[in-house]
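Shown next, in structure tokens, is the structure this report addresses.
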Amino acid sequence: MIIQTLYNLKSKFVAREVGNELILVPLTGNVAQMSELFTLNETAKFIWENITEESTTKDIETALTNSFDIDSETAQKDIENFLTYLEQLFIK
Amino acid sequence: MKQQSNSLNLQIAGYLIRLSSDSPIELELGYEPFITSKTAIADVNINCYAGIPANLFQNDQLVFEAKNEEQRFYSIYRTGTDLGFIIYNQQDKDQIQQVAVLDETFSHWKVYSETQSNNKILPLKYPLGPIIMHYLTLKGDAVMMHASCAFDGTKARIFTGFSGAGKSTMSKIWNNAGSLIINDDRLIIRKQKTGYMVYNTPMYYADQPKSALLSSIHLISHSPENKTKKLSGATAVTRSMAFCIQNNFEKQFIQSRLQFFSELCLQIPVYDLGFVPDQSVINFIIANETGETK
């Protein structure tokens, strides 16, 4: 799934910051999903907040390495893992 | 069930609910102890009508369905600025039991029910009664939860978890030890000036209105040994919010719930509790309430 598609799907969630973490709750039209809530840690929260209409994975990687004490390889892996997680979340 | 007049007031969780109709109103047994003579301005007015209009909401957008493979509880439609509800018969999911309309202020309901053989209408027939209470909580700082609550005279503890986690078992254990059970299935928590209050709501059986000041929330599961861990931050919020009653088709509903639980979890401790279903859990909880992992 491309990053712009993920950006468009962000509107299907309501987010709230609690401490360093972010809670995501899906907007849903059925009762089955109503207890599904997701918690993003500080890194995942940062990636989520940096998914914009125009961002690329490279932009996010740069922002991540500038803001956290991690190298490019770790940042790439974190982004890849998180985007895969989001994809799974969105296609449920 | 008991015959009632065409107009009556209920007080549930401190909310005043006024029902009125041109037809005689009947209530399920559990509502009778909540009837009040109080006549302040009602928090919600319910106009009840005999007969269900045909073809309501046909051109409206379906926004939410509460159903599973076995049962169909209700469907919600957006009808202009109002919400329209179709409530299904719990014995026959293809039969409409009631139709209801809630205005955008969440203060006025119109409830349409078929007249029963005794010429009365039953406007709060399950599940519409709890649905009305749920939307009442969305008006203010309150939530409705699937949980039990025991008050030992000093502290009121909420026990919640998935179906079969032991909410009723926990209630029996505390009840046998002399605690007051506020309820063992459905509660309303309200933020009041004095703190977070827990209230029971009408059930299928008669029980007096009860309330207590909330001390702690325990997310329970059966376990070979008693063990507890205090939760904090986002984990405490998401784990406890998962057991509140929600219709998450509107962003504002979710935002309101997230705000409520974020504030509540800052003031009320939330514990993950694995328990052995016997009296030993009582002393274990009391001993570990300040608690880290044990």
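The values are calculated or read from the model by the stated rules, or taken from the named source; none is laboratory data. This structure is a prediction, so every number in the text was calculated from the model and none was measured. Cβ coordinates were reconstructed from backbone atoms using ideal geometry, including for glycine residues, and neighbour counts include every protein chain displayed. Calculation scope for accessible area: heavy atoms of the full protein, side chains included, ligands and nucleic acids excluded. Shrake-Rupley method; radii C 1.70, N 1.55, O 1.52, S 1.80 Å.
Quick check, is B:N55 open to solvent by less than 70 Å² (accessible area, probe 1.4 Å) and polar (S, T, N, Q)? Taking the combined requirement at face value, the residue does not satisfy it. I'd like to check something: does the range B:2-22 contain any residue that is at positive phi and assigned by TED's automatic domain parsing to the domain that holds B:V111? Yes. Only one of the numbered conditions (1) surrounded by 15 or more Cβ atoms within 10 Å (Cβ to Cβ); (2) over 20 Å from B:G274 (Cα atoms) is violated by B:L180, and that is (1).
Just wondering, is there one or more residues in the range B:109-128 that are out of contact with any helix residue (DSSP H, G or I) (no Cβ under 6 Å at 6 or more places or on another chain) and within 14 Å of chain A (Cβ to nearest Cβ)? Yes, some residue in the range B:109-128 is out of contact with any helix residue (DSSP H, G or I) (no Cβ under 6 Å at 6 or more places or on another chain) and within 14 Å of chain A (Cβ to nearest Cβ).
Total residues in the range B:15-34 satisfying the condition of being exposed (fewer than 15 other Cβ atoms within 10 Å of the Cβ) and outside any helix (DSSP H, G or I): the figure is 1. For the structure I just gave you, tell me whether A:E73 is among the charged types (D, E, K, R) and at pLDDT below 90. So A:E73 fails the test. For the range B:218-270, the candidate set comprises residues that are farther than 26 Å from B:P130 by Cα and of a type in the set (S, T, Y); within that set, the residue that is nearest to the other protein chains (Cβ to nearest Cβ) is B:T235. Residue check: A:E53 meets all listed conditions (1) open to solvent by 40 Å² or more (accessible area, probe 1.4 Å); (2) touching a helix residue (DSSP H, G or I) at 6+ places or on another chain (Cβ under 7 Å); (3) under 15 Å from A:I2 (Cβ atoms); (4) modelled with pLDDT of 90 or more but one, namely (4). Each residue in the range B:40-54 was checked for being assigned to a loop (DSSP other than H, G, I, E, B), of a type outside the set (D, E) and either closer than 19 Å to B:M133 by Cα or without any contact (Cβ under 8 Å) to a residue 24 or more places away in the chain (or both), and 4 pass.
Within the range B:237-294, being part of a strand (DSSP E or B) and open to solvent by less than 30 Å² (accessible area, probe 1.4 Å) holds for B:C244, B:V270, B:Y271, B:L273, B:G274, B:F275. Residues in the range A:12-32 that are more than 12 Å from the chain's Cα centre (by Cα) and of a type outside the set (V, I, T): A:K12, A:R16, A:E17, A:G19, A:N20, A:P26, A:L27, A:G29, A:N30, A:A32.
With respect to the conditions (1) open to solvent by 40 Å² or more (accessible area, probe 1.4 Å); (2) farther than 28 Å from B:Q208 by Cβ; (3) under 18 Å from the mean Cα position of the chain (by Cα), B:F85 lacks only one, and its number is (1). Among the residues here, B:T194 does not qualify as over 28 Å from B:S256 (Cα atoms), of a type in the set (S, T, N, Q) and open to solvent by 20 Å² or more (accessible area, probe 1.4 Å).
When each of B:K38, B:K67 is tested for being within 14 Å of another protein chain (Cβ to nearest Cβ) and of a type outside the set (D, E), the lone residue that passes is B:K67.
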